[in-house]
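A short write-up of the structure that comes next.
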Amino acid sequence: MKKRLSKKERQENLKKRLKEDPFLTDEELMEIFGVSIQTIRLDRLELGIPELRERIKNVAEMNYSKVKSIGGTEIVGELVDLNLGENGISILETTEEMAFKKTNIIRGHHIFAQAESIAMAVIDANVAVTGVANIKYKTPVKAGQKLVAKAEVVRQRTNKYFVHVFIYAGQEQVFRGKFILVSV
C-alpha cells in the first residue's frame, strides 16, 4: 500500500501536476492521489486553482491571439495549443444539441468543423481557403464525449499547406482528415 501524502505535500504535487497538464479532470486527480473528489475540490479551492472548464478557457485565450487565417471566435472548440506553421490542439465538448435525437450520435458536420477550423488555425497565412479535404469518420461519437483534435502542418509548397488532423475521443481515434489549404 502507498503511503498517504500530507495535505501540504498533496497540494504541492497537485500544483505541479496541473502545471504539467492543466487538462486533468478532478476524477483523474482523485485516482492519482487516492483521495476523494471532495478533497481534490477543496485543495483546488484553497490553492485558487480553477475548475477544468476555466483552466481550458484560460489556456485557449492565450492561443487565440496567435491565429492569423481565421477569427479566434470562428474556431470550433477551445484552442488549447498552437504553434503557428507547425501544430495545434483543440478540445470540443459535445452536447445533445449536436447529436441526432434518435441515436445520440454527433452529426458529422460538427466534427468536420472542428477539424477544418484547427487546420486553418495552424497555418501561417493571413487568408486561406480549403482546397481539398480527404476525410474519414472512423467511429461514431456520442453526445457528451470530449473530442481532442490534433493538427500538424506536414508540408508547404508555395501557397499550399498540407495539414493532417486526427480527432480522438479518449484514446480512440474517431476521425482523420488530410487537408490542402490554399493561401489567397
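The values are calculated or read from the model by the stated rules, or taken from the named source; none is laboratory data. The structure presented is a predicted model; accordingly, all values stated were derived computationally and were not measured. Cβ coordinates were reconstructed from backbone atoms using ideal geometry, including for glycine residues, and neighbour counts include every protein chain displayed.
So the values come out like this:
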{"item": "Residues (closer than 23 Å to Gly170 by Cα, surrounded by 13 or more Cβ atoms within 10 Å (Cβ to Cβ) and either of a type outside the set (Val, Ile, Thr) or in the same structural domain as Ile91 (by TED's automatic domain parsing) (or both)) located in region 1-30", "result": "Leu14, Arg17, Leu18, Pro22, Phe23, Leu24, Asp26, Glu28, Leu29, Met30"}
{"item": "Count of residues meeting criterion [surrounded by fewer than 21 Cβ atoms within 10 Å (Cβ to Cβ) and closer than 27 Å to Ala143 by Cα] in region 109-129", "result": "4"}
{"item": "Options Ala143, Ala99, Ala133, Ala113; residue that is modelled with pLDDT of 95 or more, of a type in the set (Gly, Ala, Ser) and under 18 Å from Glu172 (Cα atoms)", "result": "Ala143"}
{"item": "Residues of region 105-137 satisfying the condition of being closer than 12 Å to Ile180 by Cα and not in a helix (DSSP H, G or I)", "result": "Ile123, Ala128, Val129, Thr130, Gly131, Val132, Ala133, Asn134, Ile135"}
